[in-house]
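These notes concern the structure reproduced below.
The values are calculated or read from the model by the stated rules, or taken from the named source; none is laboratory data. Source: prediction; values computed, not measured. Quick reminder, even Gly has a Cβ in these numbers, built from the backbone with ideal geometry, and neighbours come from all protein chains shown. Accessible surface is based on the protein model in full, side chains and every heavy atom, while ligands, DNA and RNA are left aside. Shrake-Rupley method; radii C 1.70, N 1.55, O 1.52, S 1.80 Å.
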Amino acid sequence: RTPMTIVAVAFWIFALSAVASALMVVGARNPVHSVLFLILAFISAAGLFVLMGAEYLAMLLIVVYVGAVAVLFLFVVMMLDVDFVELQKGFLDYMPIGAAVAGLVVVELILAFAAWKAPSNDVLARAHPVATAGSQAAAPGAPTNIEALGLILYTDYVHYFQIAGIILLVAMI
């Protein structure tokens, strides 16, 4: 038997946290708590993506979905007219639970950064094949997924990218 590596420990922590927080999203009676558990579920899923080597998907999940959930949180507070004075009365009662959830998020982030390692040249060659018919492996110095996406977005599709940014800016305003 081989001992559990830090990657395996990180996987189990992220996976169990994602499942538990997803159950709490459905089970929480307070909509604000549901949103906070949803953010924790997204962060846990992003940690799983980092462990799989899909850093771009992890970043996208955090930026897009957690950002959207933060906006949803804002709308929930605005629409439901939550009484903050009443919520602040029980702040000290819920502080241990909040500290435990915050500690869990910090542990997950530390495990994600500790478990990440640069892929070997063989893995890079398999992950970045050349787009020709010969299907030869790419050179070890080939750009990563995120670099390749950035190169394409900021060269071939820069005008479309800027137009999409302007549309999103107008929609936000």
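Points worth noting:
- Take the Cα of V66, step 7 Å toward its Cβ, do the same at N30, and the gap between the two points is 2.1 nm.
- Probe 1.4 Å - accessible area at F11, Å² to nearest ten: 90 Å²
- Computed extension gain for A99 through M172, at 0.36 nm per residue and net of the alpha carbon distance, reaches 23.0 nm.
- Additional length obtainable on full extension of the chain from I6 to I146, 0.36 nm per residue less Cα span: 47.9 nm
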